[in-house]
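Working notes, structure below.
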Amino acid sequence: MSGSLTQGLGAVVDRVSEVVVSPPEATQQAVGYPSLFLLVVLGSLVPVVPTGALVSGAAVVALHQSLPALALLTVFGVASAAAFLGDIGLYWLGRRGVGSRSGSRWLSALRGRVAPERLEQADRKLREHGVAVLVLSRLVPAGRIPVMLACLLSRTPLREFARGDVFACLAWTAVYQLIGVAGGALFPRPWEGVAAAVGLTLLISALPALWRRVRPTRSS
């Protein structure tokens, strides 16, 4: 009797552990997609959230779903739409500051994040290539804000900015999703793939700052 009870309790514990560690797929989707959307929007408005890592991690999880192609397509659509909405929202808030004498805290925050030489470089590329430079700025770590600020200061219309930003967000999502797919394909367990993909995206994001610190040392 006691042996049967022990086996029964053990089965219950195993089942609970399975649900906690690996929740049902429907639960993952119901919680994961809205969370991904909100976090990417937030990360686009307040550039401190590692949105690239979020997309890569979501791609790893999607790769292990029962219908991976559909899950990956959903992640792509959710992340692209969220990035575009966040960019448009930030640009709209910045335009309010450009059009007012006193400016705005959003415009001031953007100015504070961009060194004068980087703003000058972004402005030169914007004049040479137009809003097409938005695509490259999204793919280069820490390149989005300087180009957006250059667009704001040159008074680029919101509609024109949006046309370029659509392709920028699609390309950005595709690149970081491919990083997640590569990480998920290398490891059999989802958490291992997520860790690898997130670690790689964070390393890529840190490369520009590391390069700026090393470059003066080399030139001296």
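A short reminder: the numbers here are calculations on the coordinates, not readings from a lab. Nothing here was measured: the structure is a model prediction, and the numbers come from that model. As a convention, Cβ positions derive from the backbone with ideal geometry for all residues, glycine included, and neighbour counts pool all protein chains shown.
Taking the simple approach of a point 7 Å from Cα along Cα-to-Cβ for both Leu45 and Leu70, what is their distance in nm?
Result for the modelled spin labels: 3.2 nm.
Would you mind calculating the gained length between Arg155 and His129 on full extension (0.36 nm times residue separation, minus the Cα-Cα distance), in nm to one decimal?
Value of the extension gain: 7.8 nm.
Extension gain Arg163-Val98, at 0.36 nm per residue separation less the Cα-Cα distance, in nm? Write down the numbers at each step before the final one.
Details: separation 65, 0.36 × 65 = 23.40 nm, distance 2.03 nm.
Stretched fully, the Arg163-Val98 segment lengthens by 21.4 nm.
What order, most packed first, do the peptides 162-173, 35-46 have when packing is the mean number of other Cβ atoms within 10 Å of each residue?
The densest-packed peptide leads the list: 162-173, 35-46.
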